[in-house]
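One structure below.
The values are calculated or read from the model by the stated rules, or taken from the named source; none is laboratory data. Nothing here was measured: the structure is a model prediction, and the numbers come from that model. We place every Cβ from the backbone using ideal geometry, glycine too, and count neighbours over all the protein chains shown.
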């Protein structure tokens, strides 16, 4: 049902995926794609992507612009942020021999995802960029190209396919079952699971926030006074979920980049 009947004379329209189809900010128009009308133009999530990239560059450019032996507060924060990605997601996962050349990518990716996630809680923006699946699949495709490219460069095309598809220490007829499963899991499915994890968390969290905020408002303004405690409870849950979302936004950025590092490590490893 598109609406839920809340009272005899009032109807509450619950949040739905349509709330994520934002109109174009400029260049508004439509085009036909597979029989469905699609918005053509620059949308809010597109602007947020650009804004996040600019913010990552500006923040860390100024954090490193005036480097000193005794760092100031801004330099100290930048160094700690770099060290966090370098050590916990670079060196500890990829290994001390190969990690350094991947740190710039992991560092930029982590803070790019993090800044976009945090936009869901910034006033006047309040929209998670990666609740749009196309945005996340683009990042997952980039990750897929990088870790497969790294593996092919080290092991050769056929050697890399063997590494990813044939489990070490296993032989016999069972390989007829394991090789297709390993190929699908390591080569084909990874970018989809990587993208869906981030997309689903950002989408579901924002949907919950809309539900509690609008539901509480509807109950307080359009229902009898006896229902007021339910409306207040909905707003309390809205605040609680909003606080929890900040933690989830950080964790999802961390997990996304951590998995990237693990896939790179697996592509560089000599055994599967």
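Considering (1) surrounded by fewer than 19 Cβ atoms within 10 Å (Cβ to Cβ); (2) in a helix (DSSP H, G or I), the lone condition that residue 234 does not fulfil carries the number (1).
Being within 28 Å of the chain's Cα centre (by Cα), part of a helix (DSSP H, G or I) and surrounded by 14 or more Cβ atoms within 10 Å (Cβ to Cβ) is a property that residue 240 lacks. Out of curiosity, is residue 90 farther than 14 Å from residue 261 by Cα and assigned to a helix (DSSP H, G or I)? No; evaluated as a whole, the condition is false for this residue. Considering the range 38-74, the residues that are over 22 Å from the mean Cα position of the chain (by Cα) and closer than 18 Å to residue 104 by Cβ include one that is modelled with the lowest pLDDT, namely 67. Just one of the listed residues (271, 245) is loosely packed, with under 13 Cβ neighbours inside 10 Å, in contact (Cβ under 8 Å) with a residue 40 or more places away in the chain and either in a helix (DSSP H, G or I) or in contact with a helix residue (DSSP H, G or I) (Cβ under 8 Å, 6 or more places away or on another chain) (or both), namely 271.
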